[in-house]
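Reviewing the structure listed below.
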């Protein structure tokens, strides 16, 4: 479960979660509560809950459906706990037959910061022969934990031309990141505008893993979720200690302002000017179609745009995807009549709406919302997510400059 949905499990008490974790499925009114319980225990920090999660990796079977799902969630929760005491249990999970549990264990070991032994490394390389997503997770583990060896370089390097982009892209990123073979990343640029959404997203992730700064201009134009592009952007500049580079700051601002007219939008993703088509595509599952609709909102007559925003705000404001795009467009088009929408978005603390807070921060500058200086100042210092914190820092500085200019006029 994505961490932004933690609110779904916070109503389960620790004691109830401990009981549900090992309960017989036929004794539970809602069987799904068992795996919600595992996620809930991932939010705890005591030894009792850690021990329970570790025990779940061995005591829960892979034969019974809800045992299997709960075990996967227990493995995932151990990754969130980041406690080295869980490493032996997680390494044991790597030897099981449940591919999803193996993938979750690889992710958990990455989060903890595992250093595998030579025998562990041999087993990891044997997992490359498994299912595609499992092989990809193994390669990502070598990349992100910076595990270098002759055998791993040979095994992973030999997969750079694999028929699956999930494997070839991750392999190329590994070779670039660990061994400086950046030329291998060039084929992934075309994937950033592939008609298949999954290929675009995996390319963004692989470019982030590669650490290749030369691909930042291509990365920021990809019609993929802003938050995913931002994650890869920060991953690259942090790896190269170049976040303060002026050119990178300019690119980052363009990325976080997220003007759809500056993205590489193909004809297949465009919406036209019909309001119903724009609204339909704005909530499409493919982010490129969403951006195509947002681009239409940027192009249509301002009054038509305002009317459509007000209509969708009334009916769809609780949908966090629509919420984000409406907030973006109000700021990018300087629609002063919707200042209250921006204030509301900036004040929204539900994790699903964090992207909207970024859009609202930039909009405060365009709409000259000086009454938001205090909140921007707070977020510029305390926001946990770097893209939000940086956006608020930049917006706060710009608003204060505007304020000083107005005062001296």
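Consider a paramagnetic label point 7 Å from the Cα of residue 239 along Cα→Cβ; state which residues of segment 118-161 have an amide N under 17 Å from it.
Answer for this model: 136-149, 153, 156-157, 160.
If r is the Cβ-Cβ distance from residue 84 to residue 315 and R0 is 41 Å, what FRET efficiency results, to the nearest 0.05?
0.25
Give me the distance in nm between label points sitting 7 Å out from Cα along the Cα-to-Cβ direction at residue 96 and residue 277, one decimal.
Roughly 5.0 nm, to one decimal.
Please identify, among 293, 74, 383, the residue showing maximal mean-square fluctuation in a Gaussian network model of the chain using a 10 angstrom Cα cutoff.
Fluctuation is largest for 383.
Can you give the Kirkwood hydrodynamic radius for segment 301-408, in Å, rounded to one decimal and based on Cα pairs?
13.9
When the chain is modelled as a GNM with alpha-carbon springs shorter than 10 Å, which of 318, 107, 395 fluctuates the most?
Result: 318 has the largest fluctuation of those listed.
With everything on Cα atoms, drop me the angle between helix 165-179 and the longest principal axis of the chain, reported from 0 to 90° to the nearest 10.
The answer is roughly 90 degrees.
Angle, helix 47-59 long axis vs. longest principal axis of the chain, Cα atoms, 0 to 90°, nearest 10?
Result, in degrees: 60.
Taking the Kirkwood radius as the inverse of the mean 1/r across Cα pairs, report the Rg/Rh of segment 102-255.
Across segment 102-255, the Cα-based Rg/Rh ratio is 0.96.
Calculate for the chain the 222 nm mean residue ellipticity that helices alone would give, adding -39,500 (n - 2.57) per DSSP H run of length 4 or more and normalising by residue count, nearest 500 deg cm²/dmol.
Rounded to the nearest 500, it is -20000 deg cm²/dmol.
Report the rotationally averaged projected area of the chain based on its alpha-carbon convex hull, in square nanometres.
Here the figure is 22.3 nm², rounded to one decimal.
With a 10 Å cut-off between alpha carbons and a GNM built on the chain, which of 172, 333, 381 moves the most?
Looking only at 172, 333, 381, the biggest GNM fluctuation is shown by 381.
How big, on average over all directions, is the shadow cast by the Cα convex hull of segment 1-133, in nm²?
Orientation-averaged projected area of the Cα hull: 8.0 nm².
Kindly express, to the nearest 10 degrees and within the range 0 to 90, the angle between helix 132-144's C-alpha long axis and the longest C-alpha principal axis of the chain.
Rounded to the nearest ten degrees, it is 80.
When a/c reaches 1.5 or more, the comparison of a/b and b/c decides; with that in mind, is segment 73-139 rounded, prolate or oblate per its Cα gyration tensor?
Taking the square roots of the gyration eigenvalues as a ≥ b ≥ c, segment 73-139 is oblate.
No lab work stands behind these numbers, since they all come straight from the coordinates. Source: prediction; values computed, not measured. Neighbour counts run over all protein chains shown; Cβ positions are idealised from the backbone, glycine included.
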